Structures are given as structure tokens and as C-alpha cells.
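I have placed the structure first, in the form of C-alpha cells, so that the comments after it can refer back to it.
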Amino acid sequence: MAFDKIFLNARFDGGTRHNIAVSDGRIAAITPAGEPPVGAETIDLGNALVVPGFVEGHIHLDTSFYGDAWRPHKPCTNGFDVHERVAFQAENMAAAAPMDVRARNQLDLCIGHGSTQMRSHVMVDGSVGLKSLETILRVREEYRGLIDIQLVAFPQSGILSSPGTPQLLDEAIGLGADLVGGLDPASFDRDVEKHLDVVFGVADKHGVDVDIHLHDMGSLGAFEIEQIAARTRALGMEGRVAVSHAYGLGDITMDQLKPMADVLARSGVAIMTNAPGARPFPPILALRDAGVTVFSGNDNIRDSWWPYGDGDMLHRATTLGYRSGFNIDEELRVAFDVVTAAGAKALRLPHYGLRVGAKADFVTLNAEHVPEAVVGPSQGRSVYKEGRLVATDGKMVGKRA
């Protein structure tokens with residue numbers, strides 16, 4: 001079999017060394033390292049640790065100010081309030097650099113750190129119409145071949161409380177959005193059933209997946225999750241629905257959590273957490289032990305919600321592990337799985353991983369193994385997309401379309 005190129009001396013987690021043969025952007029063979037084969041371009045990886053490309057499972061390409069002028073964070077007047085944060089965001093966006101420029105800045109940052117797959121939420125509601133989505137769709141096309149991007153039509157200003165939004169969400173899917181989203185059905189729109197009627201109605205009509213933001217705490221958040229899970233089962237959408245943040249799962253007792261985890265596992269509803277500072281977040285191990293898919297993303301990067309964010313999913317794994325109290329190697333590998341294989345499962349990526357037939361998307365790291373990479377994200381990374389070098393040392397080398 002003829003190969004386009006062969007990567008020599010790739011060290012996998014566990015210490016084994018391999019050659020990775022690539023054809024048409026896919027891994028065509030994985031063989032023990034040995035004598036260099038002939039008849040194809042060879043790239044010596046120098047015994048670097050090779051891991052799958054990172055999965056950025058939750059980000060907002062339209063609202064980041066990364067690369068733009070610094071904007072001091074404005075706190076809410078009386079504790080965290082989604083309505084108030086949305087208002088602050090509207091003020092900041094009005095004075096921001098063009099959206100396409102800011103989106104490219106953020107994509108370059110994420111790709112430079114090793115993300116090869118991404119799910120971005122993009123505002124689609126009565127306040128912005130389809131303009132933001134149209135912009136990000138154009139940017140996505142520019143980055144085709146550098147990163148694969150799923151787009152969620154996200155009603156940041158609510159569905160019922162933002163006139164015209166149900167129709168806009170429907171139109172967004174026809175325009176090119178891949179999923180339909182929602183936002184705090186109870187506390188934002190104050191009508192769980194009608195909010196979910198719209199979200200799952202659009203999903204069912206177009207055959208697309210669902211990813212709903214849920215910030216509500218305690219028993220209210222738990223109730224909403226139960227309703228989302230019930231809708232998922234009723235429509236046969238197991239494995240196609242995610243709840244992002246789900247703070248309420250970190251705000252109930254373990255006795256209360258267990259039946260919730262069982263409901264999520266039975267419904268195939270995935271949970272996204274970025275382990276945000278000073279807030280409860282879903283307990284990763286307890287959910288995984290119940291069979292729930294838990295994945296992650298950087299979420300907001302230097303925007304109106306908080307000033308933090310570096311676009312590095314390996315650093316995100318560090319944060320997940322640190323905040324979860326992960327110390328032993330097995331737990332550190334769980335943190336890594338959340339930003340790689342579990343993310344691929346949640347995003348339903350069929351051709352992911354270091355295996356024959358998968359896309360040749362991988363990252364080289366200067367670390368002995370995965371646990372070491374998680375506790376102290378290494379420098380000197382190289383990022384390969386479909387077998388092509390696209391970034392090294394945090395800088396893009398691949399060219400946009």
C-alpha cells in the first residue's frame with residue numbers, strides 16, 4: 001500500500017514507539033518503530049509523546065475580545081446574573097473590533113495549542129438576528145483544513161423573551177448551523193416546557209443535535225436536566241444532546257446526584273464542564289462512573305463573562321484535575337480523556353483518535369506520558385491536522401483557505 005507520508009518514532013502513552021503512516025489525511029497504518037520505510041515522505045517525530053488532537057467542546061467565537069483592546073471586567077451588581085451579563089456583553093460588543101477579526105484571533109490561539117476539533121456557540125436571537133452566524137460561517141470556511149468546527153445556534157437573549165427567536169433558530173439550521181441551543185429555560189425564559197418545545201422542535205424538524213446552556217443551581221437545575229433528559233428519550237435522541245455547565249449537578253448532595261446521573265446515562269445526555277472558578281461544577285468521576293459522557297471546553301475567552309482564557313485544552317485538563325482533586329495517574333488520565341476522547345464522543349466525531357482509519361489529527365508533546373502532560377502543560381508542541389503541520393510552539397504555520 002502506498003502512503004503519502006510516514007511519521008517515525010511516535011511515542012504513545014505507555015512508552016511504546018510507532019511509525020504512523022498517512023494517506024489522504026487519514027491514518028493508514030500504525031506499526032512498531034524500526035527501520036524507516038521507503039517510498040514515502042518521512043517525518044521523524046524524535047520520540048515525542050504523540051496524543052490525539054484536543055477537542056474544544058464549548059467556546060464562543062463571536063464574543064471573545066482576545067487580540068482586541070483590553071476591557072476591564074464589569075461585575076454584576078448583586079451576584080452572578082445571566083441577564084445582567086448579557087446586557088454587559090451587548091455594550092462591549094458594540095465597541096469591539098470586527099467579529100471576523102476577533103474570531104480569527106481566537107481560532108489561531110486554539111489551533112496553536114492543539115485543538116483540531118471545536119464546537120462553538122454563536123448568538124442567534126432577536127437582538128442580533130442571523131448576522132453573527134453569517135460572519136462565523138464565513139470564518140469557518142476560511143479555516144477548513146485547519147480545524148473542524150461545529151456551530152450551535154445559541155439564543156443568548158432567550159427564546160420566548162426575545163421576539164422572533166424561534167423562527168431565527170429554525171432559519172439558522174438551514175443557513176449552516178449544525179446544532180440548536182438553549183439557555184436556562186426556567187430562570188431566563190421562565191417557562192421550561194415552551195422553551196424546550198422550541199429547542200427540541202427545531203432539532204426534530206431538521207435532524208440536528210442539541211446543546212443547552214444551563215446555569216441554574218440546585219433543585220431547579222436538576223429539574224430542568226430531568227426535563228431535558230425526558231425530551232431526549234421521547235424523541236429517540238440518546239447520544240445527541242448535551243447540557244453545558246449544569247452547575248446544579250455540583251450544587252446537590254451525592255445522594256441526590258446518583259439518581260440524576262443514572263437518568264443522564266440512560267438518556268445519553270452528555271455534560272460539558274470547564275470547572276469555572278468560584279462556582280460549583282459537575283463531579284466528573286461520579287458522573288463517569290455512572291456512564292455519563294463528560295467533556296470540556298474553554299467557554300469564554302477574555303470576554304464579557306470573565307477576563308481569563310488561553311485557548312489551551314491541555315491547560316483546561318490541568319484545571320479540571322486541580323479543581324477535582326485528581327492526583328493519581330489514573331485520575332490525571334481521566335482529566336485528559338475529558339478533553340480528548342470523551343469530547344469526541346460528545347461531539348459524535350466518527351474518525352477520531354490514534355487508530356487506523358481516523359483522521360491524522362495529533363499533537364506532539366514534550367512529556368514522558370499523559371499524567372505528566374496534564375500536571376504541567378508542556379511547551380514545544382507541534383499540531384498536525386490530517387497529517388499536515390498547522391502549528392508549532394503555539395504559532396500557526398498552516399495557511400487559511
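The values are calculated or read from the model by the stated rules, or taken from the named source; none is laboratory data. Please read these numbers as outputs of a predicted model, since none were measured by experiment. Using ideal geometry, Cβ is built from the backbone for each residue, glycine included, and neighbour counts are taken over all protein chains shown. In case anyone asks, the SASA skips ligands and DNA or RNA and just uses the protein heavy atoms, side chains included. Shrake-Rupley method; radii C 1.70, N 1.55, O 1.52, S 1.80 Å.
When the accessible area of segment 251-401 is computed with all protein chains present and a 1.4 Å probe, what percentage of it is carbon and sulfur?
On the way: 3210 of 6360 Å².
In segment 251-401, the share of accessible area belonging to carbon and sulfur is 50 percent.
Among the listed pairs 5/385; 131/395; 345/399; 131/345; 5/399, give every one whose C-alpha distance is greater than 23 Å.
Going by Cα-Cα distance, 131/395; 345/399; 131/345 fall outside the 23 Å limit.
Can you compute the label reach from residue 219? Point 7 Å from Cα along the Cβ direction, backbone N cut-off under 18 Å, restricted to segment 190-205.
Label zone hits: 192.
Report the local net charge at residue 178: Lys and Arg +1, Asp and Glu -1, summed over other residues whose C-beta lies under 12 Å from its C-beta.
+1
Given a 1.4 angstrom probe, I'd like the percentage of the accessible area of segment 96-246 that is carbon and sulfur, rounded to a whole number.
It is 51 percent, rounded to a whole number.
Ratio to report: Rg/Rh of segment 224-365, with Cα atoms as the point set and Rh obtained by the Kirkwood method; give two decimals. Write out the running numbers ahead of the final one.
Numbers: Rg = 15.4 Å, Rh = 15.9 Å.
We get a ratio of 0.97 for segment 224-365.
For the chain, report the % of Cα-Cα distances exceeding 36 Å.
Across the chain, Cα pairs with separations above 36 Å total 22 percent.
Give the cross-link partners of residue 359 among the aspartates and glutamates, using a straight C-alpha distance below 12 Å as the criterion and excluding same-chain residues fewer than 8 apart.
Straight-distance partners of residue 359: 24, 148, 386.
Solvent-accessible area per residue for segment 52-129 at a 1.4 Å probe radius, Å²?
On a per-residue basis, segment 52-129 sits at 35 Å².
How charged is the neighbourhood of residue 132? Take every other residue with its Cβ under 14 Å from the Cβ of residue 132, and add Lys/Arg as +1 and Asp/Glu as -1. Spell out each step's value before the answer.
Values: positive: 102, 131, 138, 140; negative: 62, 100, 125, 134, 171, 303.
Net charge in that neighbourhood comes out at -2.
Please work out how much length the chain gains when fully extended from residue 141 to residue 379, using 0.36 nm per residue of separation minus the C-alpha to C-alpha distance, in nm with one decimal.
This chain segment gains 82.8 nm when fully extended.
Using a cut-off of 14 Å between beta-carbons, work out the net charge of the residues near residue 202 (Lys and Arg +1, Asp and Glu -1, residue 202 not included).
Net charge in that neighbourhood comes out at -4.
Accessible area, 1.4 Å probe, largest first: how do 324, 162 sort?
Accessible-area ranking of 324, 162, largest first: 324, 162.
Can you tell me the mean projection area, over all orientations, of the convex hull of segment 113-213's alpha carbons? Units nm², please.
Values: hull surface 25.5 nm².
The Cα convex hull of segment 113-213, projected and averaged over all directions, gives 6.4 nm².
Quick one: what are the phi-derived ³J(HN,Hα) couplings along segment 347-354, Karplus 6.51/-1.76/1.60 with θ = phi - 60°, whole Hz, x for glycine and proline?
7, 6, 8, x, 10, 10, x, 8
For residue 323 and residue 74, FRET efficiency with R0 = 30 Å and r from the beta-carbon atoms, rounded to 0.05?
Details: r = 25 Å, r/R0 = 0.83.
Taking R0 as 30 Å, the efficiency between residue 74 and residue 323 is 0.75.
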